[in-house]
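A.B. asks: Below are the structure tokens for one structure; questions will follow.
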Amino acid sequence: MEISRPKSIRTILIFPWLAHGHISPFRQLAKKLSKRNIFIYFCSTPVNLSSVKPMVSLKESLCIQLVEFHLPSLPDLPSHYHTTKGLLPHLMNTLKNAFDMASHRFSEILKTLKPDLVIYDFLQPWAPKLASLQGIPAVVFLCFSAVMTSFTLHAIKNDAGGTYEHVNDLFPYPEIYLHDYERQKFVNLIENDVNEKSKGNSWTTSAVY
């Protein structure tokens, strides 16, 4: 796919995680920004862009350009699995690893397009680091609720034991809590983020330390 930088106009590269629950709000953001005389590069894997393309009108295509982000070919992860849609649960970590392995390709895209700003998702904390190396500012766009963000960061900051057994007691508003069946999923999410922190790839932990 040929990609180019328009002249005499501000450009923003938008880079969501590979889930449609993330792509959809990022696409809406792209549409809003494009109406403010800003040219948008919307970056994702070809399989995701194939579903985004029909939703971009002819008029919008004049200010929103789709940019392919190719993941490495892995035996268990053919290109039609370069998305969370229809992905088998046991391949989720494989997809995340492949996504991270392709970070150098994102750097190449930045060198080619030279956007004025990068708007990225929280699951790729390497994106702002690579942008910074090229003097490009970057901001994270969170497409989930402020309540969930506050609850998660409060738990990380205040649970000294790291077990999150009493995570509901830590939050100052008792009306907001996790059910027992939700707590283990929550713990798994936080533990995975802590592991990513050791690699320098954590978003939530870096937000509170």
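The values are calculated or read from the model by the stated rules, or taken from the named source; none is laboratory data. Since the structure is predicted, the reported quantities are computational estimates derived from the model, not experimental observations. Heads up, the Cβs are rebuilt from the backbone with ideal geometry, glycines too, and the neighbour counts pull from every protein chain shown. Quick note on the areas: whole protein, heavy atoms, side chains included, nothing else; ligands and nucleic acids left out. Shrake-Rupley method; radii C 1.70, N 1.55, O 1.52, S 1.80 Å.
A.B. asks: Just checking, which of 121, 116 is surrounded by fewer than 17 Cβ atoms within 10 Å (Cβ to Cβ) and either out of contact with any Asp or Glu (no Cβ under 8 Å at 6 or more places or on another chain) or not β-branched (Val, Ile, Thr) (or both)?
C.D. replies: 116 is the lone residue from the list that is surrounded by fewer than 17 Cβ atoms within 10 Å (Cβ to Cβ) and either out of contact with any Asp or Glu (no Cβ under 8 Å at 6 or more places or on another chain) or not β-branched (Val, Ile, Thr) (or both).
A.B. asks: Okay, moving on. Could you tell me whether residue 65 is among the polar types (S, T, N, Q) and either more than 19 Å from residue 143 (Cβ to Cβ) or open to solvent by 90 Å² or more (accessible area, probe 1.4 Å) (or both)?
C.D. replies: It is true that residue 65 is among the polar types (S, T, N, Q) and either more than 19 Å from residue 143 (Cβ to Cβ) or open to solvent by 90 Å² or more (accessible area, probe 1.4 Å) (or both).
A.B. asks: Still on this structure: Does residue 59 satisfy being surrounded by 15 or more Cβ atoms within 10 Å (Cβ to Cβ) and charged (D, E, K, R)?
C.D. replies: no
A.B. asks: Now a separate question. Go over the candidates 106, 144, 171, 151 one by one and state the one that is within 27 Å of residue 12 (Cβ to Cβ) and surrounded by 14 or more Cβ atoms within 10 Å (Cβ to Cβ). Even if it seems obvious, please write down each step before you answer.
C.D. replies: Numbers: 144 fails: surrounded by 14 or more Cβ atoms within 10 Å (Cβ to Cβ); 171 fails: within 27 Å of residue 12 (Cβ to Cβ); 151 fails: within 27 Å of residue 12 (Cβ to Cβ).
Of the residues listed, the single one that is within 27 Å of residue 12 (Cβ to Cβ) and surrounded by 14 or more Cβ atoms within 10 Å (Cβ to Cβ) is 106.
A.B. asks: Keeping to segment 69-103, report how many residues are open to solvent by 60 Å² or more (accessible area, probe 1.4 Å) and within 19 Å of residue 125 (Cα to Cα).
C.D. replies: Residues that pass the stated criteria total 5.
A.B. asks: For segment 37-49, check the following and say yes or no: at least one residue is open to solvent by 40 Å² or more (accessible area, probe 1.4 Å), in contact with a His (Cβ under 9 Å, 6 or more places away or on another chain), on the phi > 0 side of the Ramachandran plot and at pLDDT below 95.
C.D. replies: No: segment 37-49 contains no residue that is open to solvent by 40 Å² or more (accessible area, probe 1.4 Å), in contact with a His (Cβ under 9 Å, 6 or more places away or on another chain), on the phi > 0 side of the Ramachandran plot and at pLDDT below 95.
A.B. asks: Tally the residues that are of a type in the set (A, V, I, L, M) and either in contact (Cβ under 8 Å) with a residue 60 or more places away in the chain or open to solvent by 50 Å² or more (accessible area, probe 1.4 Å) (or both), restricting the search to segment 174-189.
C.D. replies: Total meeting the criteria: 2.
A.B. asks: Further question: Within segment 45-95, can you find the residues that are aromatic (Phe, Trp, Tyr) and in a loop (DSSP other than H, G, I, E, B)?
C.D. replies: If the condition is that a residue be aromatic (Phe, Trp, Tyr) and in a loop (DSSP other than H, G, I, E, B), then 69 is the only one that fits.
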